[in-house]
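Visitor: Take a look at the following structure, please.
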Amino acid sequence: MGVEFQPKDHSSNTGKQTTTHPLVLGLQPAALVDHVAKVDWSLLSQIPGEPGGSFPVAAEELKHILSEVNTHILSSPDNSSSSITIAGGSVANTIRGLAAGFGVNCGIIGACGDDEQGSLFRTNMSFYKVDLSRLRLKSGPTAQCVCLVDELGNRTMRPCLSSAVKVQANELTREDFRGSKWLVMRYAILNLDIINAAIHIAKEEGLSISLDLASFEMVRKFRLPLLQLLESGKVDLCFANEDEATELLRGEEDASYEAALEFLSKYCKWAVVTLGSSGCIAKNGKEVVRVPAIHKAKATDATGAGDLFASGFLYGLIKGLSLEECCRIGSCSGASVIRSLGGEVTPENWQWMYKQMQYKGIHVPNLANSDCQGMSERETGIALS
């Protein structure tokens, strides 16, 4: 599984802080390992919550779902793995994509356990040269998530976070953020105090804030604190998919994704709504652009599509490109990850993305860490079958 990187233990304040300054930081309070599997529809009907969303489950429920996976797993026509375990989490997917596919210097803030899952997370992220010096190593279990993918490539996620180690709001320091330019986050009610603490410090250090709305279930159940966060004006860039956007304005006279985009743009400098096979729509100031999806991408698994869209869009912003160009790069990177299982883009699919960018006249990044392009499945995760 490659050379394991041991991050600095931040459980005490006695260690010397890192002097590196990643351009983009991801805040993922709890490191997460994804168990991704292609399964038949009958399993999805047996688990709590609606298919297609993401909502936390207890440890016993996660254990039950994982025990049922093998009896419901779908065979792959091309003999590729139908299940895999990899480093995951929306923020980690975005950060890894920026580092691996676009050569952006990235780091992650959070905590992982001193278990096998934590080791896997660190190994995977460090291979792509993601700075882990802000990842606290603690005693306890690492968070896990089961990602169930149906025959059409739609994914249903059930994370187990309740007993997992995570970084606490009072553990965040100015040194964690100093020298960086962007902070990438995902909305989660269980992390709201950490999110608010991170935003406060990040703004004092001059960072811009990117927020993903997580899932339609999270928006529906915890809409009020989300609205308060957005209306604070501290979020610079907001990503939502169509379901999340319409949930944001549920009960309003106009709850369309266009109305949601307009609402988000009142408080965020950049607002983006992804529309699946219909592409995306984005707004910056008075400028509104629509960009179609790349229909050459055959969807195997939608896991990570929004996360990798964010990678491409952020890369465009970092390079000072236009709103339309940011959306086009986001569409290319989002399409690249759905061509295989899991939220990690394979070397072959990065090459596919670069060809799409060339075809559209978009400058392909000159990667400083191109050695990541030769990474094999054995080095990135554990195939379950």
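Visitor: When segment 127-142 is examined, which residues are found to be touching a Gly at 6+ places or on another chain (Cβ under 8 Å) and not charged (D, E, K, R)?
Guide: Within segment 127-142, 127, 130, 132, 133, 135, 137, 139, 140, 141, 142 qualify.
Visitor: Restricting to segment 344-361, name every residue that is outside any helix (DSSP H, G or I) and surrounded by fewer than 24 Cβ atoms within 10 Å (Cβ to Cβ).
Guide: The answer is 346, 360, 361.
Visitor: For residue 60, all conditions in the list (1) within 25 Å of residue 213 (Cα to Cα); (2) out of contact with any helix residue (DSSP H, G or I) (no Cβ under 9 Å at 6 or more places or on another chain); (3) surrounded by fewer than 20 Cβ atoms within 10 Å (Cβ to Cβ) hold save one; what is the number of the exception?
Guide: Going through the list (1) within 25 Å of residue 213 (Cα to Cα); (2) out of contact with any helix residue (DSSP H, G or I) (no Cβ under 9 Å at 6 or more places or on another chain); (3) surrounded by fewer than 20 Cβ atoms within 10 Å (Cβ to Cβ), residue 60 breaks only (1).
Visitor: Tell me, yes or no, whether segment 166-179 has at least one residue that is under 29 Å from residue 68 (Cβ atoms) and touching a strand residue (DSSP E or B) at 6+ places or on another chain (Cβ under 7 Å).
Guide: There is at least one residue in segment 166-179 that is under 29 Å from residue 68 (Cβ atoms) and touching a strand residue (DSSP E or B) at 6+ places or on another chain (Cβ under 7 Å).
Visitor: Here's something else I'd like to know. Quick check on my filter: what residues within segment 273-287 are crowded, with 16+ Cβ neighbours inside 10 Å and either free of Cβ contacts under 8 Å to residues at least 12 places away in the same chain or under 16 Å from residue 233 (Cα atoms) (or both)?
Guide: The answer is 283, 284.
Visitor: Please work out if residue 133 is within 21 Å of the chain's Cα centre (by Cα), more than 19 Å from residue 157 (Cβ to Cβ) and assigned to a helix (DSSP H, G or I).
Guide: Spelling it out, it is not the case that residue 133 is within 21 Å of the chain's Cα centre (by Cα), more than 19 Å from residue 157 (Cβ to Cβ) and assigned to a helix (DSSP H, G or I).
Visitor: Moving to a separate point now. When you check residue 206 against the structure, is it at pLDDT below 95 and either at positive phi or of a type in the set (Asp, Glu) (or both), yes or no?
Guide: Taking the combined requirement at face value, the residue does not satisfy it.
Visitor: Let me ask something additional. Kindly establish whether residue 231 is in contact with a Lys or Arg (Cβ under 9 Å, 6 or more places away or on another chain) and either touching a residue at least 12 places away in the same chain (Cβ under 8 Å) or more than 18 Å from residue 188 (Cβ to Cβ) (or both).
Guide: Considered against the rule, which asks whether it is in contact with a Lys or Arg (Cβ under 9 Å, 6 or more places away or on another chain) and either touching a residue at least 12 places away in the same chain (Cβ under 8 Å) or more than 18 Å from residue 188 (Cβ to Cβ) (or both), residue 231 comes out as yes.
Visitor: Would you call residue 109 hydrophobic (A, V, I, L, M, F, W, C), in contact (Cβ under 8 Å) with a residue 60 or more places away in the chain and assigned to a strand (DSSP E or B)?
Guide: It is true that residue 109 is hydrophobic (A, V, I, L, M, F, W, C), in contact (Cβ under 8 Å) with a residue 60 or more places away in the chain and assigned to a strand (DSSP E or B).
Visitor: Condition first: of a type in the set (Val, Ile, Thr), surrounded by fewer than 21 Cβ atoms within 10 Å (Cβ to Cβ) and at negative phi. Can you find one or more residues in segment 123-133 that meet it?
Guide: Yes, the conditions are met somewhere in segment 123-133.
Visitor: Please specify each residue of segment 194-223 satisfying the condition of being assigned to a helix (DSSP H, G or I) and of a type in the set (A, V, I, L, M, F, W, C).
Guide: 194, 195, 197, 198, 199, 201, 202, 216, 218, 219
Visitor: Six or more apart or on different chains, Cβ atoms under 8 Å: show the pairs whose first residue is in segment 184-212 and over 16 Å from residue 91 (Cα atoms) and whose second is surrounded by fewer than 23 Cβ atoms within 10 Å (Cβ to Cβ) and among the hydroxyl-bearing types (Ser, Thr, Tyr).
Guide: 201/173
Visitor: Being modelled with pLDDT under 90 and under 20 Å from the mean Cα position of the chain (by Cα) is the filter; apply it to segment 82-92 and report the residue that is nearest to residue 120 (Cα to Cα).
Guide: This residue is 84.
Visitor: Among the hydrophobic types (A, V, I, L, M, F, W, C) and modelled with pLDDT of 95 or more: which single residue out of 183, 148 fits that description?
Guide: 183
Visitor: Please state which one of 31, 37 is surrounded by 17 or more Cβ atoms within 10 Å (Cβ to Cβ), aliphatic (A, V, I, L, M) and closer than 30 Å to residue 177 by Cα.
Guide: 31 is the lone residue from the list that is surrounded by 17 or more Cβ atoms within 10 Å (Cβ to Cβ), aliphatic (A, V, I, L, M) and closer than 30 Å to residue 177 by Cα.
Visitor: Sticking with this one: Restricting attention to segment 288-300, which residues are touching a residue at least 60 places away in the same chain (Cβ under 8 Å) and either small (Gly, Ala, Ser) or touching a Cys at 6+ places or on another chain (Cβ under 8 Å) (or both)?
Guide: Scanning segment 288-300 gives 294, 299.
Visitor: Separate question: Could you check segment 53-81 and list, in sequence order, the residues that are among the small types (Gly, Ala, Ser) and either modelled with pLDDT of 80 or more or in a strand (DSSP E or B) (or both)?
Guide: Those that are among the small types (Gly, Ala, Ser) and either modelled with pLDDT of 80 or more or in a strand (DSSP E or B) (or both): 54, 58, 59, 67.
Visitor: Could you go through segment 212-225 and let me know if any residue there is at pLDDT 95 or above, in contact with a Phe, Trp or Tyr (Cβ under 6 Å, 6 or more places away or on another chain) and of a type outside the set (D, E, K, R).
Guide: Checked against the condition, which is being at pLDDT 95 or above, in contact with a Phe, Trp or Tyr (Cβ under 6 Å, 6 or more places away or on another chain) and of a type outside the set (D, E, K, R), segment 212-225 yields at least one hit.
Visitor: Next question. Give just the number: which of (1) under 15 Å from the mean Cα position of the chain (by Cα); (2) surrounded by fewer than 21 Cβ atoms within 10 Å (Cβ to Cβ) does residue 206 not satisfy?
Guide: Looking at each condition in turn, residue 206 falls short on (1).
The values are calculated or read from the model by the stated rules, or taken from the named source; none is laboratory data. Just so you know, these numbers come straight off a predicted model, no measurement behind them. We place every Cβ from the backbone using ideal geometry, glycine too, and count neighbours over all the protein chains shown.
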